Amino acid sequence: MTWEELEAECRQCQKCELGATRTNLVFGVGSPQAEVLFIGEGPGEQEDLRGEPFVGRSGQLLDKYLAAIHLDRRRNIYIANMVKCRPPKNRDPKPEEQDMCLNWLTAQVKLMQPKIIVCLGRIAAQRIIGKEFKVTKEHGKFYEHNGILRMGTFHPAALLRNPNQKPDALEDFLALQAKIEEICESTYS
Ligand code: SF4
């Protein structure tokens, strides 16, 4: 299956109840050939309206961190979410919704074959890295699984609520930059 075929199939998805209330399905943004994949939680209001992940205030903050280490959401990374449709009133996606949506993300990872996955926030980190993952304690550490390095850091919305965590988040992005320079071939070329 090609990336385009996967996206077209995903856009028809009604596997869970979130499909009924979405305005737009948010498949992701960026280059499917990227070596670095960012995974967030799920679309919020702005993301649902525009069909793109991280486009509100938290998205602007994420773009600043990305720019600080020469990453660009349209050029050398890909950004996706644990669930592709907006949970009403921005509640956490339910475990069963995550379970049903995970197939799409798994298929994206299989086609992309990223070298590094960065989990933005608790929901993604606990699903992708480990169910006991604590962002405040384990952020910025890399864990290898199935040949892919996985790292969790703060969700940008959490940084807007707790700006005192911004220096820690910057450290995580700088650690990511060093790891990209070490193991990625095309991200900075
Ligand atoms: S959230 Fe995922 S599983 Fe649920 S309808 Fe949307 S794409 Fe399908």
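Using a Gaussian network model on the chain with a 10 Å cutoff between Cα atoms, which of Cys85, Cys13, Cys119 fluctuates the most? Ranking Cys85, Cys13, Cys119 by mean-square fluctuation puts Cys13 first. Model label sites at Glu9 and Lys94, defined 7 Å from Cα along the beta-carbon direction, differ in position by 2.5 nm.
Looking at the stretch 122-188, the chymotrypsin sites (Phe, Trp or Tyr not before Pro) that sit in a DSSP loop and have at most 15 other Cβ atoms within 10 Å of their own Cβ are Tyr188. Of all beta bridges that DSSP places with both ends in the chain, some 30 percent have antiparallel geometry. Mean-square fluctuations from a GNM of the chain, with a 10 angstrom spring cutoff on Cα atoms, peak among Pro163, Pro43, Pro93 at Pro163.
What is the stretch 49-189 by shape, rounded, prolate or oblate, if you read a ≥ b ≥ c off the alpha carbon gyration tensor as root eigenvalues and call it rounded for a/c under 1.5, prolate for a/b larger than b/c, and oblate otherwise?
On the way: a/c = 1.32, a/b = 1.14, b/c = 1.15.
Rounded, since a/c falls under 1.5.
Comparing Lys64, Lys141, Lys94 in a Gaussian network model of the chain (Cα springs below 10 Å), the most mobile by mean-square fluctuation is Lys94.
Which residues make up the longest stretch of the chain clear of GluC sites (Glu not before Pro) that lie in a DSSP loop with no more than 13 other Cβ atoms within 10 Å, not counting the sites? The longest such stretch corresponds to 1-131.
Hey, fewest Cβ within 10 Å first, where do Ser58, Ser186 land in order?
Working: Ser58 22, Ser186 11.
Ranking Ser58, Ser186 by Cβ neighbours within 10 Å, fewest first, gives Ser186, Ser58.
Taking 12 Å as the straight-line reach from the Cα of Lys94, the aspartates and glutamates in range (excluding those fewer than 8 positions away in the same chain) are Glu17, Glu41.
Bear in mind that the values in this text are calculations on the coordinates, not laboratory data. Given the structure is predicted, the values throughout are model-derived calculations rather than measurements. Every residue, glycine as well, gets a Cβ built from its backbone with ideal geometry; the counts of neighbours run over all protein chains shown.
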